[in-house]
Every structure is written in C-alpha cells, then in structure tokens.
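Heads up, the thing below is written out as structure tokens.
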Amino acid sequence: MTVRDVAPRLDAAVQHPTRLAVVAFLSGCAEADFKTVRDSLEMSDSALSKTVSALEAAEYVKARKGFVGKRPRTWLSLTADGRARLAAHLKALQQIADLAQSQGVRSGEAQAPQ
C-alpha cells in the first residue's frame, strides 16, 4: 500500500500555513480578540484580516464586532464546523505521516530514532 492508495482528505481551506496557524490558535479558546491573535501569531493587521476573510468564506471562523467603551473591537472564534474540519484535517495529516513512516521502516531505509 502506498501513500497514493490511501487518500487522506486534507482540507484545502487550511493547507496554507497562515490559515492553519489562525485556526489552530483559535482551537485553543472559545473566542479571541483580533489584537491577541495578531500579536500571538506575529501577523500584520492586513494579513490577519485577509486570512480571517478567507476562513469566514470557508465557514471555519466567525467574526463578531462590538465596542469596548467607544473603541471598536473584533472577536474571532472557530465555528463548530470549523472545529470538526480542523480535527479531520489533523487526522489526515497524521495518517499521511504514519503511513510514510511505516513504509520507511518496511523498506529498511528509515533508521530507528536514537
């Protein structure tokens, strides 16, 4: 059996490293404000804004706007579907890694970790 024989279903919406980083960050909380996500991931406002727009279009992320005092704020959260799709994507990545590792061991080309 080869990697091509098993077709893990990677989710194209989060294959880009920036989108995956945002989704992974949000998976660790119920909700985070835009500034916290931006600063934690060391992104610019425009890069995060574009990434969030793409993730909203894919229905991974929900943005909620409001005010703290007179200042506008945006809070980001993963949708329930986004959480499920992230879990499926991570499972597919793990399947690919497991299959590749088992093939390497079988072929004798992989060395045991030291």
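The values are calculated or read from the model by the stated rules, or taken from the named source; none is laboratory data. From a predicted model like this one, the values you see are computed outputs, not experimental measurements. Here the Cβ positions follow ideal geometry from the backbone for every residue, glycine too, while neighbour counts run over all protein chains shown. Only protein heavy atoms, including side chains, enter the accessible area calculation; ligands, DNA and RNA are left aside. Shrake-Rupley method; radii C 1.70, N 1.55, O 1.52, S 1.80 Å.
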Note to self: Output the 0 to 90 degree angle, nearest 10, between the alpha-carbon long axis of helix 45-57 and the longest principal axis computed from the alpha carbons of the chain.
What the structure shows: 70
Item checked: Long-range tail of P(r) for the chain (Cα pairs > 25 Å, %) -> 37
Check: When the chain is fully extended, how far beyond the present Cα-Cα distance does L41 get from K70, taking 0.36 nm per residue of separation?
Finding: 7.8 nm
Check: So what is the accessible area of the chain per residue, in Å², with the probe set to 1.4 Å?
Finding: 67
Notebook entry, point to check: List the lysines whose alpha-carbon lies under 20 Å from that of K65, not counting same-chain residues fewer than 8 positions away?
Noted result: K35, K50
Check: In percent, what relative contact order does the chain have, based on Cα pairs under 8 Å that are 6 or more apart in sequence?
Finding: 32
Checklist line | Rounded tilt (10° steps) of 17-27 against the dominant C-alpha axis of the chain | finding: 70
Checklist line | Ordering of 37-49, 10-22, 59-71 by packing [mean C-beta count within 10 Å, highest first] | finding: 10-22, 37-49, 59-71
Next item on the list: Give the carbon-plus-sulfur fraction of the accessible surface of the chain in %, rounded to a whole number; probe 1.4 Å, heavy atoms of protein chains only.
Entry: 54
Note to self: Using only Cα atoms and rounding to the nearest 10 degrees, what angle (0 to 90) does helix 80-107 make with the longest principal axis of the chain?
What the structure shows: 20
Next item on the list: Could you order S102, S53 by accessible surface area, starting with the largest, using a probe radius of 1.4 Å?
Entry: S53, S102
